[in-house]
DNA sequence: CAGTGGCCCTGTCTGC
DNA sequence: TGCAGACAGGGCCACT
């Protein structure tokens, strides 16, 4: 369940291990992860083989690798995607989907960049001319850790919307990189209920919430960064971050770390929301329900 | 146009 | 034991 901090950790790993390398050959082992590449798997391989990777960039949860052709490999990890660098010859992972053979450097052993994805919500595509910013994701807002993130615009966008603040946090066109876990954690820290309407929030509430989004992401990044030395991306729930630092997400029935009240779980958009019913009181009833 | 909710996908876990 | 169903969930898209 990679969210922004985990994706950033992956980006750093790609930056140090893949940037500057030449892709010798590409093998697509399952069509679904390249479904967004409409021209098909063979075209995907043809456009990436022989190219040099010039960088590793990220916006929100999207990653892209600018190539020397001016195109970019655009990637989304979905909820179970991994990018692994493995020695060529290492046994294939059970859910290996795409293999990029990297040209050996200085006569060293060859290795591979592997896209592994169990549930295949994620995927790869080649973005034509997308080296700077793939047009496919140009509509996505900057994330809260981006130096160019516009706080005033964020506050204005939130206060313009008649949806609950949690849904707004998850809307990639308002702010990117926030998923279900960090949304619940930030709302708990800011003591706001996710159903509070954007239009009814005060500027100070929104700014406090934004600060908490950044705080929880920064904490996760600090912890995630340390367990990543060998470019080993563990996205199967054991980042070490989950058990130690979560106050709300997944804590149903456990005492709130602030007031001791049992954390409540409710269904939300085909998933779950967790919150403290005392620290994060529901907004006043919104007519029939 | 803004807002809402369904769907995609597979592995794991729970309950009958 | 075996099977059905719930659950995990980001982002897209159809619909109101």
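General remarks:
- Of the set (1) away from DNA strand B (no atom under 16 Å from the Cβ); (2) surrounded by 22 or more Cβ atoms within 10 Å (Cβ to Cβ); (3) outside the structural domain of residue A:84 (by TED's automatic domain parsing); (4) under 18 Å from residue A:76 (Cβ atoms), all apply to residue A:175 but (1).
- Check on residue A:173, more than 17 Å from the chain's Cα centre (by Cα) and on the phi < 0 side of the Ramachandran plot: no
- Residue list for the range A:73-91, filter: in a loop (DSSP other than H, G, I, E, B) and in contact (Cβ under 8 Å) with a residue 24 or more places away in the chain: A:77, A:78, A:79, A:80, A:88
- Selection status of residue A:119, within 15 Å of DNA strand B (Cβ to nearest atom), modelled with pLDDT under 95 and within 29 Å of residue A:179 (Cα to Cα): yes
- Residue A:31 falls short on exactly one of the conditions (1) farther than 30 Å from residue A:221 by Cα; (2) touching a residue at least 12 places away in the same chain (Cβ under 8 Å), and that condition is (2).
- Scanning the range A:1-44 for residues that are within 16 Å of DNA strand C (Cβ to nearest atom) and in a helix (DSSP H, G or I) yields a count of 11.
- Residue in the range A:263-276 that is nearest to DNA strand C (Cβ to nearest atom), counting only those that are surrounded by 14 or more Cβ atoms within 10 Å (Cβ to Cβ) and free of Cβ contacts under 8 Å to residues at least 60 places away in the same chain: A:265
- Scanning the range A:143-162 for residues being in contact with a strand residue (DSSP E or B) (Cβ under 7 Å, 6 or more places away or on another chain) and closer than 26 Å to residue A:220 by Cβ gives a total of 1.
- The listed residue being modelled with pLDDT under 90 and either within 21 Å of residue A:62 (Cβ to Cβ) or touching a helix residue (DSSP H, G or I) at 6+ places or on another chain (Cβ under 7 Å) (or both), out of A:234, A:180: A:234
- The criterion of being over 28 Å from residue A:30 (Cβ atoms), part of a helix (DSSP H, G or I) and outside the structural domain of residue A:59 (by TED's automatic domain parsing) holds for residue A:207.
- Restricting the range A:127-166 to residues that are exposed (fewer than 15 other Cβ atoms within 10 Å of the Cβ) and within 16 Å of DNA strand C (Cβ to nearest atom) leaves a set whose member that is farthest from residue A:210 (Cα to Cα) is A:135.
- Some residue of the range A:104-116 being crowded, with 22+ Cβ neighbours inside 10 Å, under 16 Å from residue A:2 (Cβ atoms) and in contact with a helix residue (DSSP H, G or I) (Cβ under 6 Å, 6 or more places away or on another chain): no
- For residue A:47, the test of being at negative phi, touching a strand residue (DSSP E or B) at 6+ places or on another chain (Cβ under 7 Å), part of a helix (DSSP H, G or I) and away from DNA strand C (no atom under 15 Å from the Cβ) is passed.
The values are calculated or read from the model by the stated rules, or taken from the named source; none is laboratory data. On a predicted model such as this, the values are computed, not experimentally measured, just so you know. Don't worry about glycine lacking a Cβ; one is built from the backbone with ideal geometry, like all the others, and counts go over all protein chains shown.
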